[in-house]
Amino acid sequence: MARDTYTEFANTPLGRRLTSALGLPQPARLRRHRPGAPVVPGPVVVVGTGTVSDEIASLLLTWDLDVRRHVEPRERVSAVIACFDAISTPADLSETALGLGRMLKQVAPSGRVVTVFRSPDAASDPALRAARKGVEGLTRSLAHEMRAGATANGLVLAEDLDAGAPSVAGGLRFLLSGRSAFVSGQFLTVDSVNGVLPGDWDRPLEGQVAVVTGAARGIGASIAEVLHRDGAQLIVVDVPAAGEQLAATANRVSGTALQLDITADDAGERILAHARQHYGRLDIVVHNAGITRDKLLANMDPARWDSVIAVNIEAQLRMNRALLADDLFNRPEGTSGPRIVSLASTSGIAGNRGQTNYAASKAGVMGMVAASSAQLEARHGTINAVAPGFIETEMTAKIPFATREVARRLNSLNQGGRPDDVAETIAYLASPAAGGTSGLTLRVCGQNLVGA
Amino acid sequence: MTTIDRTSAQTRTVQTRDVVVIGGNRIPFARAHGAYATASNQDMLTSGLNGLVARFGLQGQRIGSVAGGAVMKHSKNFNLVRESVLGTPLDPATPATDVQMACATGMEAIGSLADKIRLGRIESGIGAGVDSISDAPIVVTDALRRILMEANRAKTPGQRLKALAKIRPGHLAPQAPGVNEPRTGMSMGEHMAVTAHAWGIGRQEQDELALASHQNLAAAYDDGFFDDLVTPFKGVQRDTNLRADSTLEKLGKLAPAFGRDLGEEATMTAANSTALTDGASAVLLGSADYAEAHDLPQLATFVDYEQAAVDFVDGAEGLLMAPAYAAARMLERNGLTFEDFEYFEIHEAFASTVLAQIAAWEDEEFCRGKLGLDAPLGRIDRSRLNIHGSSLAAGHPFAATGGRIVATLAKMLHGKPGKLGFISVCAAGGQGITAILEGR
């Protein structure tokens, strides 16, 4: 992982003065999740006029948080939750929006704003949909306005969804906590009451068995570590050539190493056989393995194009078919269903020069995820994708210095994310509490300025 | 006959049970002074064990015993295996034993662990081996050593000076560790050349065996056979000695390397003899109960093994022919013949070693006269011999070869319950080990 010396400097007393005087970006040290830490360190204010705000306030009280409906002047708050569930036309936005606005200067570093609203797509009435879309717009813009590592995200509820659904609690907790440190300007949707709340929020994956592909290094190794920390038993997979680092990952997370080329026809079956032999169950599959073979399309050769498509999307499609054909990848009714989480990329959303093949594969992942949710729903499972933006890895450390420096600052948090930021989001989507969220692609990009 | 009645084959007074081979791991073997030139025995063995721990999720587990060793070993590595274990995530309460039996070190480590498991003394064991030619200890001459020891014993500076004054320039030449037989002064290759000549082993058949070894090993790698047997080390992914593109023509052009005094009749070249190699291997064994309790695979049963030694010093028998004798005793004890075996893994110290052993087992006179049998032990079908390659292609880091063979054969037998596999490994000092695995 490359050192971000600028961020280190900007967080020294001199660096703070200088960057402020010169109007330079001021990347903050982000609050990240530590087991045992409170969801947020200080008061949480819940604003809004509908019933959802009351339900959320009661929920937060069960987590022993300092919950307020109002805030004293100059008091620091850790989070503001703005509930827009009662709006029916854009004119209704103002009360809650402006109420939220008055508190923003009191939001602490690495604070959180979460807007909560009903799904715009569910509204056929033009005024209603306009109002709901309006919340999206204000949330995205507010995310750009947040300072000192604070973020703004939306929690989008299906039309008639009970605000007491497990994934409302799970999603809210994820967005408030340090797990979502590098997620900003994004929308987490909750479609159903599926999902199970964990007995211990620090060990939500206790007893579960997870497979992570491409786990020898980088983001994949970090995913394995975070899933392990959250209680999962790990099967880590990578190509035989990466076996030495894969073994090191397996030994760090007390898991088992499976050397396997995921483009093999029987890769899914071999993963299932390994899980059956060593654990007798399989709950979570994280399709992280991916490659880049960048070239302008005009200069693209078949080897580059085909290998990227084969590894990044065709292999996932084939493995999913095998997984969904096998009863091992299923759980008894009443428990949390199986989870698939795939790695997409902001390149697949916004496009990237030189990455037609990569973007095709990653946009493909998003399509696959959206189209597969019905199949997973049949076994009370979910499938989602996570699209990382600029993440500090061995791979991005090889980007020339100036390009890397620019890429790092091109987001609302003015810094690159860490592999564990991606891993935290994956761990949430893989958790029992996230059972109501499926078919979604969630970006972990610090609200990258490039792309949607 | 494909199954064995082990209760009648072995007379015993204690309850015994099946020992299963759970799996193995090795690092790719590398030609000496190549990719692993800067790696120590301990580095390689630790890496081999780490890969095994990772493959089977053994982190934090106390293994009953880890036995292994190295042939080329410095005295400072008196606890080589224990030190390596301490470098892995295994429970530090895992005991370890250093074993040495020349090229059969790995086999002896595995066989003795199997016996302990069979007797119920331990539930699990790891048999391991490592060797490095690149990191071999350099020793000083005996004369210099005696002077230094005398200086060390000196009580006064004067005595010490007097001792050290005896050092002469000739004492200072370092001595590389010898691989020659101490009692004959002959290299192993020269010994083998005598045996090969006596058995009339031809150049062509040796080259064919070498070529098959390379082709079989390359095919096994290409098929992914080694995906769960080998973990890369220092960026090396396949055995560096492997020459997939070798041909009989190329092999045929090489000049003899051993037995040159035989002139036209010399047959042993650098290609049909194993190269000096660095590498490490490890095999996980356990009782069937242990494997079951830990959700681990059971590839094969470790049925039996047998040591043998021959009197090679005065030329009564070939240096590397001990496995011929071990096989006879082991097969008789188990009521088996070669007809009963599905696969044969005969360590290719030299192509001619394999061919001489096979010739001996087919030879009426040898089997009657030397082995005391009524009839030859039988033919070994070449299509069942070393079918995924052996030491000529993979290389032969002495103590690591046993682990390579046991893990490979166990995987071949997996899913073939009752099918038998035969192992033969020759060793310096006129010794050797044979073993039987049975598929599960």
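Summary of values
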| read-out | value |
| --- | --- |
| Within the range A:1-104, helices (runs of 4 or more DSSP H) holding 3 or more residues that are surrounded by 15 or more Cβ atoms within 10 Å (Cβ to Cβ) | A:5-10, A:51-62, A:93-103 |
| Whichever residue in the range B:228-254 is crowded, with 19+ Cβ neighbours inside 10 Å and part of a helix (DSSP H, G or I) and, among such residues, is farthest from the other protein chains (Cβ to nearest Cβ) | B:LEU251 |
| Subset of the range A:48-69 (residues that are over 20 Å from A:LEU161 (Cβ atoms) and β-branched (Val, Ile, Thr)) | A:VAL67 |
| Residue within the range B:123-143 that is closer than 30 Å to B:GLU265 by Cβ and in a loop (DSSP other than H, G, I, E, B) present | yes |
| In the range A:208-227, the residues that are surrounded by fewer than 24 Cβ atoms within 10 Å (Cβ to Cβ) and of a type in the set (A, V, I, L, M) | A:VAL209 |
| Residues of the range B:225-268 classified as touching a Lys or Arg at 6+ places or on another chain (Cβ under 7 Å) and at pLDDT below 95, total | 2 |
| Exclusive hit being away from chain A (no Cβ under 14 Å), at pLDDT below 85 and in a helix (DSSP H, G or I), set B:GLY106, B:GLY158, B:GLY170 | B:GLY170 |
| Selected residue [free of Cβ contacts under 8 Å to residues at least 12 places away in the same chain, charged (D, E, K, R) and out of contact with any Asp or Glu (no Cβ under 6 Å at 6 or more places or on another chain)] from B:ASP245, B:ASP304, B:ASP289, B:ASP278 | B:ASP245 |
| Residue identified as buried (at least 24 other Cβ atoms within 10 Å of the Cβ) and more than 19 Å from the chain's Cα centre (by Cα) among A:VAL135, A:VAL156, A:VAL113 | A:VAL135 |
| Residue that is surrounded by the most Cβ atoms within 10 Å (Cβ to Cβ), among those in the range A:252-281 that are over 29 Å from A:THR335 (Cα atoms) and within 11 Å of another protein chain (Cβ to nearest Cβ) | A:GLN259 |
| Failed condition for A:ILE284, given (1) more than 8 Å from chain B (Cβ to nearest Cβ); (2) at positive phi | (2) |
| Where a residue in the range B:18-47 is of a type in the set (S, T, N, Q) and its partner, wherever it lies, is buried (at least 20 other Cβ atoms within 10 Å of the Cβ) and part of a strand (DSSP E or B), with Cβ under 6 Å and at least six apart | B:ASN25/B:ALA282; B:ASN41/B:VAL130; B:SER47/B:PHE233 |
| Residue list for the range A:237-248, filter: within 8 Å of chain B (Cβ to nearest Cβ) and either closer than 14 Å to B:THR88 by Cα or surrounded by 19 or more Cβ atoms within 10 Å (Cβ to Cβ) (or both) | A:PRO240, A:ALA242, A:GLY243, A:GLU244, A:LEU246, A:ALA247, A:ALA248 |
| Qualifying residue in the range A:217-236 (condition: more than 12 Å from B:THR231 (Cα to Cα), within 13 Å of another protein chain (Cβ to nearest Cβ) and of a type in the set (Val, Ile, Thr)) | yes |
| Only listed residue being crowded, with 21+ Cβ neighbours inside 10 Å, more than 20 Å from the chain's Cα centre (by Cα), more than 14 Å from every other protein chain (Cβ to nearest Cβ) and not aliphatic (A, V, I, L, M), chosen from B:SER75, B:SER124 | B:SER124 |
| Among the candidates A:ASP327, A:ASP301, residue that is free of Cβ contacts under 8 Å to residues at least 12 places away in the same chain, within 16 Å of A:ARG379 (Cβ to Cβ) and out of contact with any Leu (no Cβ under 8 Å at 6 or more places or on another chain) | A:ASP327 |
| Residue tally, condition in contact with a Lys or Arg (Cβ under 9 Å, 6 or more places away or on another chain), of a type in the set (Ser, Thr, Tyr) and either facing another protein chain (nearest Cβ under 9 Å) or assigned to a helix (DSSP H, G or I) (or both), over the range B:26-71 | 1 |
| Sole exception among (1) of a type outside the set (A, V, I, L, M, F, W, C); (2) out of contact with any Ser or Thr (no Cβ under 7 Å at 6 or more places or on another chain); (3) assigned to a helix (DSSP H, G or I); (4) under 21 Å from A:GLY178 (Cβ atoms) for A:ASP420, by number | (2) |
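The values are calculated or read from the model by the stated rules, or taken from the named source; none is laboratory data. All values derive from a computational prediction rather than experimental measurement. In this analysis, Cβ positions are derived from the backbone assuming ideal geometry, glycine residues included, and neighbour counts consider all displayed protein chains.
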